[in-house]
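The structure appears right after this line, and notes come after that.
The values are calculated or read from the model by the stated rules, or taken from the named source; none is laboratory data. Quick caveat: nothing in here was measured; it's all calculated off a predicted structure. FYI the Cβ positions are ideal-geometry reconstructions off the backbone, even for glycines, and counts take in every protein chain you see.
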Amino acid sequence: MNKTTTRNKYLMFFAIGIISFYLSGYILRGIHPPQSIYLMLLVYWILFGIGILVCKERSRGFVAKAFAISFAAMFLISIAFFAWGAYNHINSKAIGADLLQSAPDDLNFVVLTEEELNEYPAIREAITSQQFVEVKPDEWQRSKDFLSEKSSHTVKFGDRYYDIGFITA
């Protein structure tokens, strides 16, 4: 067997590792850990077995290298995917404003001026849209600190009262 043929077979197993990750992600939508991990490994083993059958190479050295290459590709992509998901999850922040039907009973609220809302555009957007607004973590923290310094997350703007909520994932 020449080097080009061997290299192509190893590339095939590298592709099997990548395809295992993507295929199992497609097949396993909605299935949660640990079952999804077991099923991903099942998909991997099926594709690995098919790869061994297709390449017709049965030496222990080849099978061990093919396993290492394909499993490493699948494992590294999985780690990168989960790290990216964790990063997005940790930085997922939102601000929401619920319109209150009447003035708060305790009269503990912050009167916001137009100038203050200009300084805190995320609060302004939450008040005007009446929906949760996704914001960058630094803007989220800055807005939260502003209302915490004022000692209330209930605000009055114009003649309406809002309860401002700070959401993390």
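How do the helices (runs of 4 or more DSSP H) wholly within the range 58-146 filter down when requiring 2 or more residues that are under 30 Å from L11 (Cβ atoms): which remain?
The helices (runs of 4 or more DSSP H) meeting that bar are 60-90.
Which residues, counting only those in the range 106-130, are charged (D, E, K, R) and either surrounded by fewer than 17 Cβ atoms within 10 Å (Cβ to Cβ) or over 35 Å from the mean Cα position of the chain (by Cα) (or both)?
D106, E114, E115, E116, E119, E125, listed by residue number.
Which pairs turn up if I take residues in the range 131-144 that are among the β-branched types (V, I, T) and look for partners that are part of a helix (DSSP H, G or I) with beta carbon separation below 7 Å, at least 6 apart in sequence or on another chain?
If the second residue must be part of a helix (DSSP H, G or I), the pairs left are V133/A122; V133/E125; V133/A126; V135/A122.
Suppose the filter is modelled with pLDDT under 90, touching a helix residue (DSSP H, G or I) at 6+ places or on another chain (Cβ under 7 Å) and either surrounded by fewer than 18 Cβ atoms within 10 Å (Cβ to Cβ) or within 30 Å of I18 (Cβ to Cβ) (or both); does N91 pass it?
yes
Just to be sure, is A103 surrounded by 11 or more Cβ atoms within 10 Å (Cβ to Cβ) and closer than 18 Å to R160 by Cβ?
For A103, the condition - surrounded by 11 or more Cβ atoms within 10 Å (Cβ to Cβ) and closer than 18 Å to R160 by Cβ - is met.
Of all residues in the range 9-37 being assigned to a helix (DSSP H, G or I) and exposed (fewer than 11 other Cβ atoms within 10 Å of the Cβ), which is nearest to the chain's Cα centre (by Cα)?
Y26
This table checks each residue for (1) of a type outside the set (A, V, I, L, M, F, W, C); (2) without any contact (Cβ under 8 Å) to a residue 40 or more places away in the chain.
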{"residue": "Y10", "(1), (2)": "yes, no"}
{"residue": "F14", "(1), (2)": "no, no"}
{"residue": "L28", "(1), (2)": "no, yes"}
{"residue": "L47", "(1), (2)": "no, yes"}
{"residue": "F62", "(1), (2)": "no, no"}
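Of all residues in the range 147-168, count the ones that are without any contact (Cβ under 8 Å) to a residue 24 or more places away in the chain and in a helix (DSSP H, G or I).
2
Residue under question is F71, and the condition is that it be crowded, with 16+ Cβ neighbours inside 10 Å, touching a Ser or Thr at 6+ places or on another chain (Cβ under 8 Å), more than 27 Å from T168 (Cα to Cα) and in contact (Cβ under 8 Å) with a residue 40 or more places away in the chain; does it hold?
The answer is no for F71.
Which numbered condition trips up G49, out of (1) exposed (fewer than 13 other Cβ atoms within 10 Å of the Cβ); (2) assigned by TED's automatic domain parsing to the domain that holds W140?
Of everything listed in (1) exposed (fewer than 13 other Cβ atoms within 10 Å of the Cβ); (2) assigned by TED's automatic domain parsing to the domain that holds W140, G49 misses just condition (2).
Applying the selection to the range 154-169, what residues are more than 14 Å from A94 (Cβ to Cβ) and under 28 Å from the mean Cα position of the chain (by Cα)?
Scanning the range 154-169 gives a single hit, D163.
Please work out if G51 is assigned to a helix (DSSP H, G or I), out of contact with any strand residue (DSSP E or B) (no Cβ under 7 Å at 6 or more places or on another chain) and at pLDDT 90 or above.
Taking the combined requirement at face value, the residue satisfies it.
Given the residues E114, E57, which is the only one that is acidic (D, E), without any contact (Cβ under 8 Å) to a residue 60 or more places away in the chain and assigned by TED's automatic domain parsing to the domain that holds K136?
Result of the check over E114, E57: E114.
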